[in-house]
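See structure below.
The values are calculated or read from the model by the stated rules, or taken from the named source; none is laboratory data. Worth saying up front: this structure is predicted, and the values here are computed from it rather than measured. FYI the Cβ positions are ideal-geometry reconstructions off the backbone, even for glycines, and counts take in every protein chain you see. Accessible surface is based on the protein model in full, side chains and every heavy atom, while ligands, DNA and RNA are left aside. Shrake-Rupley method; radii C 1.70, N 1.55, O 1.52, S 1.80 Å.
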Amino acid sequence: KEFLNFSKRQKIKNNKTFSILILGGSQGAEIFGKIVPKTIKMLKDKGFDIEVNQQCIKSQNDSLINYYDKHSIKNNIFNFIPNLVDLYSLTDLAITRCGASSTAELFYTQTPFIAVPYPHSADNHQYLNAKYYENKGCCWVIKQDSFNEENLFNLIINIFEEKNKLKNAQNKMKENITYNVYSKIENLIKEFF
């Protein structure tokens, strides 16, 4: 229901802090907990004011909170959150796995994202999902074998320093979106009953 109403909402981001959302899929991505925090610190050291909302596996909770707190980086660490819509509306950029649900939600909420496909997904579907959105100009793809602090840092710096890149990705999402898609699916399902 929240997603159905999202089209009526505005992105409520209105400050100079860059908000980054990290989504690791249904169980969190352990590699994100290893790579992303160091990259965020590199961004902070470069002078960017960053806040982080990061999904992780439970065993990483304390270490991530301690790391971000130690480096005075505003953070919200979670394993599961029932309503991601509120986070999407605050997010400048997401870093995510590429399952169909996650990418569709980011696309629907016009949240530009860096896609890191899980390399062992069935039929390589996560990579195909990521390439679909990249070809539309809505995201940037880093394969997991190239996903390291330096590559992620360089990509984020490039995106943030050329602010039109975020806006262009959002515009591409707006051009390609169908806001009543959930209603259409619901109606199709009702036809079977």
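The table that follows gives values for the structure above.
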read-out: Pairs beyond 29 Å (Cα-Cα), from 143/163; 38/165; 143/165; 136/184; 58/163; 58/136; value: 58/163; 58/136
read-out: Electrostatic dipole magnitude of the chain [Cβ: Lys, Arg +1; Asp, Glu -1; Cα centre; debye, to 20]; value: 460
read-out: Low-density loop positions, trypsin sites (Lys or Arg not before Pro), region 25-117 - DSSP coil, at most 15 other Cβ in 10 Å; value: 46
read-out: Mean ellipticity per residue at 222 nm, deg cm²/dmol - from DSSP H runs of n ≥ 4 across the chain, formula -39500 (n - 2.57); value: -14500 deg cm²/dmol
read-out: Residue 145-residue 122 FRET efficiency (beta carbon distance; Förster radius 22 Å; 0.05 resolution); value: 0.75
read-out: Accessible surface, per residue, of region 29-73 when the full set of protein chains is kept, probe 1.4 Å, Å²; value: 50
read-out: Residues whose placed amide H lies under 5 Å from that of residue 141, excluding near-sequence neighbours; value: 115
read-out: Average accessible area per residue (Å²) across region 129-192 - probe 1.4 Å, nucleic acids and ligands excluded; value: 64
read-out: Per-residue HN-Hα couplings for region 71-86 [Karplus 6.51, -1.76, 1.60; θ = phi - 60°; Hz; x = Gly/Pro]; value: 9, 6, 10, 4, 8, 9, 9, 8, 9, 8, 9, x, 10, 6, 4, 4
read-out: Carbon and sulfur %, accessible surface of region 73-118 computed with the full protein complex present, 1.4 Å; value: 57
read-out: Placed amide H near residue 77: partners under 5 Å, 5+ positions off or other chain; value: 54
read-out: Fluctuation leader among 117, 82, 37 - the chain, Gaussian network, Cα springs under 10 angstrom; value: 82
read-out: Distant-in-sequence amide H partners of residue 95 (H built 1.01 Å from N, under 5 Å); value: 21, 22, 23, 114
read-out: Distance in nm between pseudo-label sites at residue 136 and residue 175 (7 Å out along the Cβ direction from Cα); value: 1.2
read-out: Filtered chymotrypsin sites (Phe, Trp or Tyr not before Pro), region 71-111: DSSP coil and at most 14 other beta carbons within 10 Å; value: 80
read-out: DSSP-loop trypsin sites (Lys or Arg not before Pro) across region 111-193, with at most 15 other Cβ within 10 angstrom; value: 136, 143, 163
read-out: Cα centroid of region 13-65 to Cα centroid of region 137-193, whole Å; value: 18
read-out: Reciprocal mean inverse distance between Cα atoms of the chain - Kirkwood radius, Å; value: 17.2
read-out: Label-point separation in nm, residue 100 to residue 154, each point 7 Å along Cα→Cβ; value: 3.5
read-out: Length-normalised contact order for region 39-193 - Cα pairs under 8 Å, 6+ apart - percent; value: 19
